[in-house]
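Student: Following this message is one structure expressed as structure tokens.
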């Protein structure tokens, strides 16, 4: 793409933005208001309770204070094993029973997430629910049963709480700020794109400066629309009315006195030209008659 084509593209983009700035702003604000309303009043809120648990390879204390790298590696592998064990149907079924059937095992599987923290021996348990009480209650009961299941399956090592589950104070989803921003961006981009497509599909003839820049060809003259001409000037597409010498106003305003003077000069010039043509025709006719008479003689 040439530098000139890039300039033309930027001009078109800027032109669309400036000409339709007000409707774009209105739609953007309306979309932002809709996004905020959805997040605040329509979409169900979701609360998250989290807990941290530390996994050890052995229950025996080391006689010295040195850190055994092998124990750390094994503990990290145990963390990966715990992620599978803690999402088993056995544990989720026991949890559903402990909660008096408030949630099924399938529902609990979707609510609970177990992951390792930065590839360490620490497990992070996250529970999402529709109320802060439910999230806290499920997370607390889950960590209790997870310790029992760890001992039953692994039979070695230990697991203990690092950060027990807490009651969430605010909801984690949906975020009103995020929904508002996303909705505003959708409204802004969508509205601008619609106006841009309309502009690009517009096939109306543009003024001579646009034609010359688009096609890289010189414009020697303009053919004005006499049929739709008004009393005060010639109309030219959607860009306003033109006077005799190509001057125009985008909104159709110009000096009326100057236009009337131009029209008077045009009429006088046309009358003089007509008289000259008639005189030339008479002279040619007279000359032809004389030549004809001479031949007859």
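Student: Restricting the search to segment 117-136, which residues are crowded, with 19+ Cβ neighbours inside 10 Å, more than 26 Å from residue 77 (Cα to Cα) and more than 35 Å from the chain's Cα centre (by Cα)?
Tutor: Hit for segment 117-136 is 136, nothing else.
Student: Within segment 166-173, is there a residue that is more than 30 Å from residue 57 (Cα to Cα) and exposed (fewer than 13 other Cβ atoms within 10 Å of the Cβ)?
Tutor: yes
Student: Having 1 or more residues that are at pLDDT 90 or above and not assigned by TED's automatic domain parsing to the domain that holds residue 55 is the bar; report the helices (runs of 4 or more DSSP H) wholly within segment 124-217 that clear it.
Tutor: Hits in segment 124-217: 176-200.
Student: Restricting segment 95-116 to residues that are in contact (Cβ under 8 Å) with a residue 40 or more places away in the chain and in a helix (DSSP H, G or I), which is surrounded by the most Cβ atoms within 10 Å (Cβ to Cβ)?
Tutor: 95
Student: Further question on the same structure: Among the residues of segment 67-80, is any at pLDDT below 90, in contact with a strand residue (DSSP E or B) (Cβ under 7 Å, 6 or more places away or on another chain), outside any helix (DSSP H, G or I) and surrounded by 13 or more Cβ atoms within 10 Å (Cβ to Cβ)?
Tutor: no
The values are calculated or read from the model by the stated rules, or taken from the named source; none is laboratory data. Since this is a predicted model, take the numbers as computed values, not measurements. Backbone-built Cβ (ideal geometry, glycine too); neighbour counts: all protein chains shown.
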